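Below: the structure, in structure tokens.
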Amino acid sequence: MYCHKCGTKAAEADAQFCAKCGTELAVGQIAMPANEDLTVDKIEHNDNETINDSINHSIPSETTTAQQHRASKRIEGQSSLLWPIAIPIISLIIAGGASWGYYSHQKHINQEVVGLKEKAEEVALKGKYKEALLPLKEAQNLRPDYEILNEDKTRIENAIKLNKSLDSISDSLKTQQFDTADKQITSFKDSLKKLEGPLFTPFHKLIDEKSTTLAVAKIKMEINDLSTVEKLAEKLTALSSIQSAEKDEVQKLILAKIVDVSTKGAEAQLTKKQFTDAISTIDKGLEYSSKDTKLLSFKDRIQKEQTAFEKAEEQRLEQAMEVAAQEDLTNRTAAVNVENIYTSLDEYGDIHVTGEVKNTATKPISAITIYYDVYDLDGNFIGSDSTYVSPYYLEVGETGSFDDTYYGVYKDASVQVTQVTWQLN
């Protein structure tokens with residue numbers, strides 16, 4: 001008996017396994033002559049030749065059936081030996097294929113999650129925070145246990161809260177609730193200190209802009225209540241340290257207020273003819289707005305009015321001096337107007353002289369003395385005399401009187417005032 005696998009001859013006729021390769025020997029193994037060393041291939045070749053010869057030479061059917069039976073047994077023996085090896089291999093292949101399919105599926109999910117996460121980050125960095133939550137939620141549905149997705153969601157939700165806080169600050173600024181806005185900005189900065197990452201970087205700039213807007217808004221409100229160039233200049237100095245898009249606008253407002261305050265102050269001083277003070281006021285304004293046409297024009301106006309005023313004053317002074325001189329002349333030469341002089345001859349031959357005087361000077365006068373000459377009716381000079389006016393002191397416009405007697409005329413006569421003297425008080 002020979003092994004159907006390696007062709008080795010069995011040591012014993014009833015052996016069950018091949019002594020060389022260990023293959024189980026099939027029942028009904030073909031017996032070969034002892035002096036022949038055949039392999040399985042030779043056996044198969046001889047069998048094929050035998051079968052062919054049988055067919056070609058029409059061997060009886062019994063012989064053919066026996067040979068076919070032996071061949072079938074041999075094939076069954078070979079199959080029974082292959083199955084113990086094939087089953088583990090097939091199982092391994094199936095398990096490997098299933099593992100590969102699972103691995104590929106999970107890898108695809110991971111790639112999809114990474115893509116959704118990157119998309120959420122990209123959208124969030126553009127400031128579209130609510131929109132960024134959509135791909136992130138989709139990624140969480142695929143990988144609900146990924147902690148990093150929860151962390152990203154928390155960061156985006158914090159960004160949404162910060163964005164809402166910025167809107168609230170803007171509303172407070174628009175309604176001029178500056179104290180509220182100040183507190184909101186402080187709270188915002190405290191919250192921002194606890195948050196790190198590129199997602200929160202833009203918020204530092206945004207809150208700085210809100211702080212600047214608040215500072216500028218406060219200055220704008222305060223300048224409405226300021227009425228001196230000095231106070232406005234302080235705000236101008238404070239504004240110089242602020243970097244803001246509104247800085248130039250507020251600076252223009254302050255300069256315009258300085259011009260307005262300077263102009264109004266100088267106008268009031270000009271009304272009082274305080275030319276030096278008015279020019280000084282305008283010069284203060286020009287220190288901060290040296291090329292302002294309104295201030296320069298107003299200064300020119302002050303100077304022209306000052307020149308005109310000084311010229312007019314000079315003329316008035318000259319006129320006043322003339323008037324004063326005239327008054328002085330009048331006061332000294334015509335301060336007394338003699339009125340209603342009467343003369344009468346009494347029974348003793350004496351002439352009684354009476355009359356009134358009026359103070360026509362611009363000042364009070366006193367010690368008024370009337371000097372007069374006496375003439376007869378033919379115009380012949382008789383004599384001279386003087387008398388004092390009573391009261392001694394006359395205010396401007398007041399009237400005094402005098403009463404005197406010229407003795408020994410013995411005839412009717414007339415009196416002519418030759419001089420009046422007085423003292424100016």
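The values are calculated or read from the model by the stated rules, or taken from the named source; none is laboratory data. All of these numbers come straight from a predicted model, not from anything done at the bench. Note that we place each Cβ from the backbone using ideal geometry, even for glycine, and neighbour counts take in every protein chain shown.
Condition check: β-branched (Val, Ile, Thr) and crowded, with 16+ Cβ neighbours inside 10 Å. Does Val323 satisfy that?
Details: β-branched (Val, Ile, Thr): yes; crowded, with 16+ Cβ neighbours inside 10 Å: no.
Considered against the rule, which asks whether it is β-branched (Val, Ile, Thr) and crowded, with 16+ Cβ neighbours inside 10 Å, Val323 comes out as no.
Could we say that Ser297 is modelled with pLDDT of 90 or more, surrounded by fewer than 18 Cβ atoms within 10 Å (Cβ to Cβ), on the phi < 0 side of the Ramachandran plot and among the small types (Gly, Ala, Ser) here?
yes
Residue pairs, Cβ under 8 Å, 6 or more apart or interchain, first in segment 345-357 and outside the structural domain of Val396 (by TED's automatic domain parsing), second of a type outside the set (D, E, K, R) and assigned to a loop (DSSP other than H, G, I, E, B). List them.
none
Each row is one residue, and each column tells you yes or no for (1) under 24 Å from Phe188 (Cβ atoms); (2) within 35 Å of the chain's Cα centre (by Cα); (3) in a helix (DSSP H, G or I); (4) free of Cβ contacts under 8 Å to residues at least 40 places away in the same chain.
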position	(1), (2), (3), (4)
Glu118	no, yes, yes, yes
Ala124	yes, yes, yes, no
Leu133	yes, yes, yes, yes
Ile148	no, no, yes, yes
Leu173	yes, yes, yes, no
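Only one of these conditions is not met by Glu196: (1) in a helix (DSSP H, G or I); (2) surrounded by fewer than 16 Cβ atoms within 10 Å (Cβ to Cβ). Which number is it?
Tallying (1) in a helix (DSSP H, G or I); (2) surrounded by fewer than 16 Cβ atoms within 10 Å (Cβ to Cβ), Glu196 fails exactly one: (1).
Please go through segment 270-312 and pick out each residue that is within 26 Å of Glu222 (Cβ to Cβ) and outside any loop (DSSP other than H, G, I, E, B).
Result: Ser280, Thr281, Ile282, Asp283, Lys284, Gly285, Leu286, Glu287, Tyr288, Lys294, Leu295, Phe298.
Starting from residues that are in a loop (DSSP other than H, G, I, E, B) and among the hydroxyl-bearing types (Ser, Thr, Tyr), keep the ones in segment 350-373 and report whichever is surrounded by the most Cβ atoms within 10 Å (Cβ to Cβ).
Thr362
If you go through segment 231-241 one residue at a time, do you hit one that is within 12 Å of the chain's Cα centre (by Cα) and part of a helix (DSSP H, G or I)?
Within segment 231-241, one or more residues are within 12 Å of the chain's Cα centre (by Cα) and part of a helix (DSSP H, G or I).
Which one of Asp385, Asp328 is acidic (Asp, Glu), assigned to a strand (DSSP E or B) and either surrounded by 13 or more Cβ atoms within 10 Å (Cβ to Cβ) or in contact with a helix residue (DSSP H, G or I) (Cβ under 8 Å, 6 or more places away or on another chain) (or both)?
Going through Asp385, Asp328 in turn, just one is acidic (Asp, Glu), assigned to a strand (DSSP E or B) and either surrounded by 13 or more Cβ atoms within 10 Å (Cβ to Cβ) or in contact with a helix residue (DSSP H, G or I) (Cβ under 8 Å, 6 or more places away or on another chain) (or both): Asp385.
Which of the following residues is assigned by TED's automatic domain parsing to the domain that holds Ser289, β-branched (Val, Ile, Thr) and modelled with pLDDT under 80: Ile242, Ile254? Write out each step before concluding.
Details: Ile254 fails: modelled with pLDDT under 80.
Going through Ile242, Ile254 in turn, the sole match is Ile242.
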